[in-house]
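First comes the structure, then the notes that go with it.
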Amino acid sequence: MNYILIVDDEEDIRDIYEMVLRRAFPLDVMLAGSGSEALSIIQSRGKPEIIISDLRMPDGDGLYLYKTLTEKKLDVPFVICSTDPVAVLQRKFPGIHGYIEKPKVIDSVVKLVDSVVTKHEVPPSYVPVRISFLLRLGTVHFELFMRLSDKKYVKVLNSDEAFIPSDAERFLKKGLSHLYVSNEDAEQYLNSVEQSISRASDYERCPSELAVMSLESLESVERLAHSLGWREGVVDAAKKAVNLAIEVVSTEPNVLKLFKQKLNDSHSKFSNHVGLLALLNCAFSYQLGWASESSQMKLGLAALMHDITLDDSYYENINEWNQAACSSTNKTFEVIKYRNHPVDAANLLLTIKNLPPDVDQIILQHHELKDGSGFPRGLNSSRISPFATVFIIVEDLINFIGDSKDFDERVDLFILERTERYNSGNFKKVFEVLKENVQKVRLKK
Ligand SMILES: [Fe+2]
Ligand SMILES: [Fe+2]
């Protein structure tokens with residue numbers, strides 16, 4: 001079968017291209033992570049209809065791929081894609097089929113492919129999405145389907161349900177590599193996705209002037225990750241995600257100013273709480289397999305912003321404040337202020353332009369509880385988003401550990417005491433993963 005070849009070292013971007021192209025064209029789409037990988041696919045499958053290639057990649061970049069193909073006299077329409085301006089690309093790659101300037105990839109790629117490949121006669125009702133991509137996203141705001149035949153699809157996951165490794169395994173074991181979303185949902189999703197592409201590609205370029213993480217919180221996170229049985233690399237991934245989140249926060253001068261004031265003292269309770277929470281949230285999300293830049297960044301961003309309107313003094317007795325805010329009888333000014341801090345923070349967040357979706361939900365819901373006894377809205381577990389679920393469990397864990405240095409003991413006790421609390425809906429799914437990791441690492445000892 002003829003095919004389209006996508007070459008990009010960013011997994012997320014490859015998977016988005018695949019979704020876009022399979023939605024529009026009746027052709028197979030092959031994915032390569034580097035120029036060298038692309039060449040070996042061409043060697044085994046023959047010439048593709050068109051190649052869409054990233055410029056900067058390790059192990060054979062876009063220029064290397066293009067030159068090798070030209071030397072071999074393999075005449076394939078070649079499209080180069082980069083954050084560099086088109087004029088620069090034109091100079092490097094004169095006379096090729098097309099140029100795409102990131103992040104505006106979606107319309108451009110469809111147009112460029114359309115000039116060599118014929119589109120679907122009738123647009124498909126369902127669009128394939130790679131299972132590994134769904135896992136990296138962690139959650140989707142649409143229903144997922146499994147394909148039984150050309151015309152028959154069955155629903156396998158509700159919208160806003162957490163997608164965790166055991167879900168992925170269930171389908172991969174059946175030999176499936178993709179699940180499906182409705183064409184309308186795919187369109188909606190793809191419309192919202194370009195912003196995260198630009199963040200992922202721009203990240204390396206602008207180091208931030210804000211530092212939220214003290215060395216102590218980094219060290220605590222390393223030790224906690226170890227005690228929780230999280231794999232190597234989670235903390236590094238978390239650091240990257242938190243930096244990305246800081247960069248987003250820094251784009252809004254008023255928010256940046258507020259942060260600078262609050263983070264002036266890197267030993268303040270606020271800095272420690274926010275730093276620890278941001279890192280642990282991102283690390284746990286990565287451990288859950290929710291490894292896309294945007295999923296982790298959302299949790300990091302929510303952690304940075306969630307308590308931004310609170311004074312440091314609240315942290316002295318945070319558990320008491322939480323209890324007071326949950327009880328509807330206590331109406332002192334301080335308690336009301338505390339009860340409203342998720343709403344205040346979410347409102348402030350909305351002043352940041354180009355915010356990724358979901359972050360305001362996480363912040364609004366970070367004090368909700370499974371049984372509807374939380375605040376500010378008293379939601380029950382079915383209405384709490386998967387990302388907020390992770391956030392709530394992680395913050396609960398941090399408060400539970402408190403000042404104790406015996407992480408193993410506190411973590412084990414947490415698992416024991418909270419199993420009942422987190423026993424339904426997304427809470428259960430996420431908590432089970434936490435529990436399994438701890439059990440595995442304790443068995444090894
Ligand atoms: Fe907090
Ligand atoms: Fe809070």
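Longest segment of the chain with no GluC sites (Glu not before Pro) in a DSSP loop having at most 13 other Cβ atoms within 10 Å?
233-419
By counting other Cβ atoms within 10 Å of each Cβ, how are THR329, THR351, THR139 ranked from fewest to most?
Ordered from fewest to most neighbouring Cβ atoms within 10 Å, THR329, THR351, THR139 come out as THR329, THR351, THR139.
May I ask for the Rg/Rh ratio of segment 25-144, computed from Cα atoms with Rh as the Kirkwood radius, given to two decimals?
Rounded to two decimals, Rg over Rh is 0.98.
Find which of TYR126, GLY175, PRO165 sits farthest along the positive direction of the dipole of segment 124-191, computed with +1 on the beta-carbon of Lys and Arg, -1 on that of Asp and Glu, about the Cα centre.
Checked the options; the winner is GLY175.
From zero outward in steps of 10 Å, how is the percent of C-alpha pairs of the chain spread across the bins?
With a bin width of 10 Å, the distribution comes to 4, 20, 28, 24, 15, 7, 2, 0.
Report the antiparallel proportion of the DSSP beta bridges in the chain as a percent, rounded to a multiple of 5.
So the antiparallel bridges amount to about 40 percent of the total.
Under the rule of at least 5 residues apart or a separate chain, name every residue whose amide H is placed under 5 Å from the amide H of VAL29.
Counting only residues 5 or more places away or on other chains, the set is ILE4.
If we count other beta carbons within 10 Å of each Cβ, what is the order of PHE93, PHE400, fewest first?
PHE400, PHE93
Which trypsin sites (Lys or Arg not before Pro) does segment 246-331 hold that lie in a coil by DSSP with at most 11 other beta carbons within 10 Å?
Within segment 246-331, the qualifying trypsin sites (Lys or Arg not before Pro) (loop, at most 11 other Cβ atoms within 10 Å) are LYS331.
Explain nothing, just compute: Karplus ³J(HN,Hα) = 6.51 cos²θ - 1.76 cosθ + 1.60, θ = phi - 60°, for every residue of segment 415-424 in order, whole Hz, x for Gly and Pro.
4, 5, 6, 9, 3, 5, 4, 9, 10, 8
Just want the ordering: LYS73, LYS104, from fewest to most Cβ atoms lying within 10 Å of their own Cβ.
In order of increasing Cβ crowding within 10 Å: LYS73, LYS104.
Spelling out what I want: for every residue of segment 217-234, take phi, set θ = phi - 60°, compute 6.51 cos²θ - 1.76 cosθ + 1.60 (Karplus), and round to whole Hz; glycine and proline get x.
5, 4, 5, 4, 5, 4, 5, 5, 4, 5, 5, 8, x, 7, 6, 4, x, 4
Output wanted: per-residue J couplings in Hz (rounded whole) for segment 131-137, from phi through Karplus 6.51 cos²θ - 1.76 cosθ + 1.60, θ = phi - 60°, x for Gly and Pro.
5, 5, 5, 4, 5, 5, 6
Rule-based calculations on the coordinates, nothing more; no lab input. No experiment lies behind these values; they were computed from the predicted model shown. Cβ: placed from backbone, ideal geometry, glycine included. Neighbour counts: every protein chain shown.
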